[in-house]
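Read-outs: derived from the displayed coordinates by stated rules, not from any lab. Quantities reported herein were computed from a predicted structural model and do not represent experimental measurements. Here the Cβ positions follow ideal geometry from the backbone for every residue, glycine too, while neighbour counts run over all protein chains shown.
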Amino acid sequence: MAPSIDSPQHNDNREYRYTGVEETARPEYGVIVSWISEEATVLDLGCGDGSLLSLLKAEKHIRGTGIERSPSGVQQARKRGLDVFEGSIDRPLNQFKDDQFDVAVCNVTIQMVLYPEVLLREMKRVARYQIISFPNHAFYPNRLDLLLSGRVPRPSLFGYSWYNTGHLHPLSIRDFYQLLEDVKGLRIMKHHGVQTGNILKRMLVREFPNLFQAIPVFQLKKI
């Protein structure tokens, strides 16, 4: 018997289920935290279980709000005492005023929405600064995997298959630059490639970002 479309699937992230058992911590969190000022107002778009907002509250004493499409994510975030509500982030965010926040954050989520350009425009509208990170689809292991296997690059799927991942719009750093040109009105202030390793590896990450950065993080400013 075929499984119901509503039933949980093994290794399937399309529904973004959060169990509340795991403690989420991502390597780019440290970069994002370092770029946000004390007591800033922050909107976290696609905030998941609220782990980043919780960290920002603890370390930077921010006043934070989050939006998350997953009911289980919202539930876990509220258990942390966070102001998070359920909703889509790639639609007009009419509940927020222009320049209501100091910073709007979208961490490894822009590739998962249907309208990335709408998301970016709304981030520009509601906040003076924007912080965005995403998996770089042009990262060299993905290029090699496509070349050698002739399949959708598996390193970018993080253990999922092409059909059960929530990554709707995989993008590269160059694709992100093109998006910025199309949306207009934003300037790159900082760019960091989250990568560890020896001096040579760090140099390659810095000099050839589209090839060697796995998770780029950008800080933008409205102009």
Listed by chain and number, the lysines with an alpha carbon less than 16 angstrom from that of Lys221, same-chain partners under 8 positions apart left out, are Lys124, Lys184, Lys190
Residues whose built amide H sits under 5 Å from the amide H of Thr41, excluding neighbours closer than 5 in sequence, are Arg63, Asp102, Val103
So the FRET efficiency between Lys79 and Ser37, C-beta based with R0 = 35 Å and rounded to 0.05, is 0.80
Residue by residue through the stretch 32-44, the couplings from Karplus 6.51 cos²θ - 1.76 cosθ + 1.60 with θ = phi - 60°, in Hz, x for Gly and Pro, are 4, 4, 5, 8, 10, 6, 4, 6, 5, 8, 10, 10, 9
Length-normalised contact order of the chain, Cα under 8 Å, at least 6 apart, in percent, tallies to 19
Packing-ranked peptide list from 47-53, 168-174, highest mean Cβ count within 10 angstrom first, is 47-53, 168-174
Simple SL model, points at 7 angstrom along Cα→Cβ for Asp99 and Ser161; separation in nm is 5.1
Across 5 Å bins beginning at 0, the whole-percent shares of Cα-Cα pair distances in the chain come to 1, 7, 14, 18, 20, 17, 13, 7, 3, 1, 0, 0
If R0 = 30 Å, then Ala25 and Glu117, at their Cβ-Cβ distance, give a FRET efficiency to the nearest 0.05 of 0.50
Per the helix-only model, the chain has a calculated mean residue ellipticity at 222 nm (DSSP H runs of ≥4, -39500 (n - 2.57) each, divided over all residues, rounded to the nearest 500) of -9000 deg cm²/dmol
The extension gain from Leu148 to Lys222, computed as 0.36 nm times the residue separation minus the Cα-Cα distance, is 22.5 nm
